[in-house]
1. State all residues of region 8-21 that are part of a helix (DSSP H, G or I) and under 8 Å from the mean Cα position of the chain (by Cα); if no residue qualifies, say none.
2. Inspect all residues belonging to region 15-25 and state whether any of them is farther than 16 Å from residue 4 by Cα, out of contact with any helix residue (DSSP H, G or I) (no Cβ under 6 Å at 6 or more places or on another chain), buried (at least 16 other Cβ atoms within 10 Å of the Cβ) and modelled with pLDDT under 90.
3. Output the residue which, of all residues in region 30-58 that are modelled with pLDDT of 80 or more and out of contact with any helix residue (DSSP H, G or I) (no Cβ under 9 Å at 6 or more places or on another chain), is surrounded by the fewest Cβ atoms within 10 Å (Cβ to Cβ).
4. Pairs only if they're at least six apart or on different chains, beta carbon under 8 angstrom, first in region 81-93 and at negative phi and surrounded by 11 or more Cβ atoms within 10 Å (Cβ to Cβ), second modelled with pLDDT of 90 or more and not in a helix (DSSP H, G or I); list them, first residue then second.
5. Going residue by residue through region 69-77, is there one that turns out to be surrounded by 14 or more Cβ atoms within 10 Å (Cβ to Cβ), touching a strand residue (DSSP E or B) at 6+ places or on another chain (Cβ under 9 Å) and at pLDDT 90 or above?
């Protein structure tokens, strides 16, 4: 399930927590746990400072790498490790 969430964020460009949860078929509380797991494994990271951009993310300079902006008001970013993981999964599935 964590791979699906990461995939939705990286490939699907989803940034809204409710939409990610719906697409992954989980409750938003479960999504919070999955995001925590992905952060602990180094696939995502949570910015220590609150995101000051609007919920729509329009005009945000880091919108392309941001996973969510509504978990406790923090910005969550996909790391290079997370992007590489999804890229390698995609390559395996295309073989």
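1. Scanning region 8-21 gives 8, 9, 10.
2. No, that holds for no residue.
3. Once the filter is applied, the top-ranked residue is 40.
4. 81/42; 81/43; 82/42; 82/43; 82/44; 85/43
5. No, that holds for no residue.
The values are calculated or read from the model by the stated rules, or taken from the named source; none is laboratory data. Note that the coordinates shown come from a computational prediction; the quantities given were computed from them, not determined experimentally. Here the Cβ is made from the backbone with ideal geometry for all residues, glycine too, and neighbour counts use every protein chain on show.
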